[in-house]
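Here the structure is laid out as structure tokens; the discussion comes afterwards.
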Amino acid sequence: MKKTMKTWGCLLVFFLTYGSAISQTASWQAYNDSVNKNGGTTDETVTMINVGRSSPGPASTELLVFGSGDGTGVTATYEETLSEGSVFWTSDAITFDEESDAAKLFGEALDLTGNISYGDAPGWHMDLILEGLDPNRKYVFAGTAMRGGGAGYAERTTNWKIMEAESFAYASSEGAWKVSEESVEFSTGHNEAGYVAKWTDIAPGADGRIVIRTSHSVGEANGGLAGAHAYKGYAGGAFMLELQVDSGAAAPGKGVSILRVFPKENELEAHPNSPLHVVIENDTHKVDSSSVALFLDGKKVASEIQQVGDRTLVVHESAGAFEDSSDHTVKVEFADDSDARSQYTKSWNFTVMEWTQYDALPADSAITLTDLGKQERGFAIRVVATDPDEPDPDKETLSDIGDLWWIWDEKHSDHSDRTLFNSEGYYLERAQINYQRDGRTIGNKAGEKLFPGINGTESLTPEGLELPVIHFGLETTALLELDEGYYHMQITTTPIHLLHIGLGDDAVELFPDESVNPGIEDAKAWEYKFVVEKPGLYPFTLFYYDYLGGSSSLTASGGTASSLEWLNIAPTGMKFLINEDDDRAITAYIPPDAIVEVSPATMSVLLQDGNMIVTWSEPGTLQGAKKIIGPWNDVVGASSPHPVDLGSRVMFYRIRH
């Protein structure tokens, strides 16, 4: 298919058709370009309501008949609901298929340039409110959006939802991800295919009003697009409203229909570990589960049938990996539960990606789960924070990410909060690696936490200074449970990280895909691709170093550039944080050496010859504080018994174990 470079950006186009219950032949169209920042749309009959930071307004107007400029009687209004920061009104060039739905519907009337971009956290949405509609007529809505950011922006997704309508019929592009009859989403960061969201036969209520809400993806767990970003998407760009000619005929009901298959039909880059999925929508009838038969390359394969609401899911989990660049044919057969027992058949083809080109992890580094003495899920984390202007020349400081190999065994002043760390110096992360210096949302997944031992940017700012100066580094080690096959991991981070297979002196650096280089920004992820030839537990070491550099979209709303997120892309395209609580996620185990068997700590205080002596049981670390509520800090170099200076400002002591 021919593709043409056009100058349009995140475009949201709304198309609405209008008609009465009596058959009519009259029709009109109305267009609105919401982001005509470059002045490319010149037709005076195209309206230009808009919102977003730097937008000129207005946010509401009466739509005009395209070509004549007559009023339609329909008022269109944008209303924003922000989470953090604000959306941005801007212009970005894109490439799109000139034969796509988006090009055919909107290309002749509008210069499709510009976008109203996402907010800074989950929860934002923008409503297009259409008022003045005739309750006795029907309408069609269509919308599209594109940022034009390339494959690295493909996770950025927009969800469209139709609201407050009495009835409607779903009619979006074939490749769009149907969430439900009233909701659809697709990538708008990289919508080169020109998908559109569309509903026909929309009947407004008695108030003559409908609402089209755009927001980020609803999320994979809620039926959203696989791999979609937690909050990045595009709120709008333009819309079209057209009078629908009503034939007067009622839309016929349907029995069952195949909504989508996986791998996608004619997919050329299928994951070698791909399962086979068929999603069937029920309507007037349902699938007879006993009639389902699934075939792979002419041979019948075992399948699991799941009935969820008005959908039937047929699943076959592949036992191994498909061969490199191999071609395959899938066929599904089933009948519905009607009296006539209508029969359905669908066949499709897919091709597996070239995957043996990627390096295999060293098989001799794998162990079995039974070899692991202490089977505790999670990660072992060490953190160190030093001041580059350390006054003591005998103490080491962090100046390079490679210093994380040795600094733990050298004398240094540590400015991190040691409360969460055990006597071996480890924080045991039982959940996932998803950190941001101030707990702000960034990366593909939401739910960021503070880095262990780093209590926000303020903790890196010494007393008396206004800006942070303390650098910190983090070492994460874990044993990851990997099956045979191909893996595609992502690390979204800023400013700098390194990933290794192995622990300590045996660790070997893993290098990311050279074609994707986010630099020191966190807008895109680093891509790690490798092969596992022998299933087992593989040791990994992840380094992170925050030298107070890098750049982030968070800085636009007062945030900081400091984050670390580690996830894996499953064969279906869904993204899971490592050690996420899902059977499709990679399980992580804590290296046994980091696990400390904790016994109750004891502490005693003795006054002797005018001195106070603190004694405690091992293992344990003496901590002191000026106030009972803290902050508590390790008494550096203290061993039991420890004499306490009665003139010290530290008034309270405890044992951390």
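The values are calculated or read from the model by the stated rules, or taken from the named source; none is laboratory data. Keep in mind that what you see is a predicted model, and the values were worked out from it rather than measured. A quick note on method: Cβ atoms are made from the backbone with ideal geometry, for glycine too, and the neighbour counts reach across all protein chains shown.
Here are a few things to note about the model shown:
- Filter result for residue 449 (among the basic types (Lys, Arg) and either under 25 Å from residue 124 (Cα atoms) or outside the structural domain of residue 480 (by TED's automatic domain parsing) (or both)): yes
- Restricting the range 428-464 to residues that are outside any loop (DSSP other than H, G, I, E, B) and touching a Gly at 6+ places or on another chain (Cβ under 7 Å) leaves a set whose member that is surrounded by the fewest Cβ atoms within 10 Å (Cβ to Cβ) is 449.
- Identity of the residue in the range 43-55, part of a loop (DSSP other than H, G, I, E, B) and more than 31 Å from the chain's Cα centre (by Cα), that ends up nearest to residue 233 (Cα to Cα): 48
- Criterion (free of Cβ contacts under 8 Å to residues at least 40 places away in the same chain, closer than 29 Å to residue 375 by Cα, in the same structural domain as residue 378 (by TED's automatic domain parsing) and not β-branched (Val, Ile, Thr)) met by exactly one of 480, 420: 420
- Strands (runs of 3 or more DSSP E) fully within the range 291-345 counting 3 or more residues that are at pLDDT 95 or above and of a type outside the set (S, T, N, Q): 293-296, 299-301, 311-316, 327-335
- Check on residue 82, surrounded by fewer than 20 Cβ atoms within 10 Å (Cβ to Cβ) and hydrophobic (A, V, I, L, M, F, W, C): yes
- Verdict on residue 88 being surrounded by fewer than 21 Cβ atoms within 10 Å (Cβ to Cβ), among the aromatic types (Phe, Trp, Tyr) and at pLDDT below 85: yes
- First in the range 322-335 and assigned by TED's automatic domain parsing to the domain that holds residue 278, second anywhere and among the aromatic types (Phe, Trp, Tyr) and assigned to a strand (DSSP E or B), Cβ under 6 Å, 6 or more apart: 328/350; 330/348; 331/295; 334/344
- Candidates 561, 523: the one that is assigned by TED's automatic domain parsing to the domain that holds residue 492 and within 29 Å of residue 177 (Cα to Cα) is 523.
- Residue 420 touching a strand residue (DSSP E or B) at 6+ places or on another chain (Cβ under 6 Å), over 30 Å from residue 324 (Cα atoms) and modelled with pLDDT under 95: yes
- When residue 243 is tested against the conditions (1) touching a strand residue (DSSP E or B) at 6+ places or on another chain (Cβ under 6 Å); (2) within 20 Å of residue 130 (Cα to Cα); (3) of a type in the set (A, V, I, L, M, F, W, C), the lone failure is (1).
- Scanning the range 610-628 for residues that are of a type in the set (S, T, N, Q), surrounded by 19 or more Cβ atoms within 10 Å (Cβ to Cβ) and modelled with pLDDT of 85 or more yields a single hit, 623.
- Subset of the range 273-298 that is surrounded by fewer than 13 Cβ atoms within 10 Å (Cβ to Cβ) and not hydroxyl-bearing (Ser, Thr, Tyr) - its residue that is farthest from residue 584 (Cα to Cα): 283
- Residues satisfying the stated conditions in the range 394-448, i.e. of a type in the set (Lys, Arg) and under 19 Å from residue 579 (Cα atoms): 430, 445
- Residue 522 being under 20 Å from the mean Cα position of the chain (by Cα), under 23 Å from residue 368 (Cβ atoms) and modelled with pLDDT under 95: no
- Checking each residue of the range 27-35 against the condition of being among the small types (Gly, Ala, Ser), out of contact with any Pro (no Cβ under 9 Å at 6 or more places or on another chain), modelled with pLDDT under 85 and at negative phi gives at least one match.
- Members of the range 592-641 that are under 27 Å from residue 374 (Cβ atoms) and among the aromatic types (Phe, Trp, Tyr): 616
Quick grid of which residues meet (1) surrounded by 15 or more Cβ atoms within 10 Å (Cβ to Cβ); (2) in contact with a strand residue (DSSP E or B) (Cβ under 9 Å, 6 or more places away or on another chain); (3) of a type outside the set (A, V, I, L, M, F, W, C):
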{"site": "300", "(1), (2), (3)": "no, yes, yes"}
{"site": "311", "(1), (2), (3)": "yes, yes, yes"}
{"site": "314", "(1), (2), (3)": "yes, yes, no"}
{"site": "336", "(1), (2), (3)": "yes, yes, yes"}
{"site": "352", "(1), (2), (3)": "yes, yes, no"}
{"site": "355", "(1), (2), (3)": "yes, yes, no"}
{"site": "368", "(1), (2), (3)": "no, yes, yes"}
{"site": "374", "(1), (2), (3)": "no, yes, yes"}
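- Meets criteria (part of a loop (DSSP other than H, G, I, E, B), of a type in the set (Ser, Thr, Tyr) and either closer than 30 Å to residue 123 by Cβ or not assigned by TED's automatic domain parsing to the domain that holds residue 621 (or both)) for residue 370: no
Matching residues to (1) in contact (Cβ under 8 Å) with a residue 60 or more places away in the chain; (2) touching a Cys at 6+ places or on another chain (Cβ under 7 Å); (3) outside the structural domain of residue 92 (by TED's automatic domain parsing); (4) not in a loop (DSSP other than H, G, I, E, B):
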position: 140; (1), (2), (3), (4): yes, no, no, yes
position: 185; (1), (2), (3), (4): no, no, no, yes
position: 194; (1), (2), (3), (4): yes, no, no, no
position: 198; (1), (2), (3), (4): yes, no, no, yes
position: 206; (1), (2), (3), (4): yes, no, no, no
position: 227; (1), (2), (3), (4): yes, no, no, no
position: 230; (1), (2), (3), (4): yes, no, no, no
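- Subset of the range 405-427 [surrounded by fewer than 21 Cβ atoms within 10 Å (Cβ to Cβ) and under 29 Å from the mean Cα position of the chain (by Cα)]: 420
- For the range 629-644, the set of residues classified as without any contact (Cβ under 8 Å) to a residue 40 or more places away in the chain and surrounded by 15 or more Cβ atoms within 10 Å (Cβ to Cβ) consists of 635, 638, 640, 642, 644, listed by residue number.
- Selection count where residues are part of a strand (DSSP E or B) and more than 21 Å from residue 156 (Cβ to Cβ), scope the range 529-567: 15
- From the list 520, 501, the one residue that fits, being hydrophobic (A, V, I, L, M, F, W, C) and surrounded by fewer than 19 Cβ atoms within 10 Å (Cβ to Cβ), is 520.
- Matching option when the condition is in a loop (DSSP other than H, G, I, E, B), assigned by TED's automatic domain parsing to the domain that holds residue 548, modelled with pLDDT of 95 or more and hydrophobic (A, V, I, L, M, F, W, C), among 398, 474: 398
- Residue 655 being hydrophobic (A, V, I, L, M, F, W, C), modelled with pLDDT of 90 or more and crowded, with 17+ Cβ neighbours inside 10 Å: no
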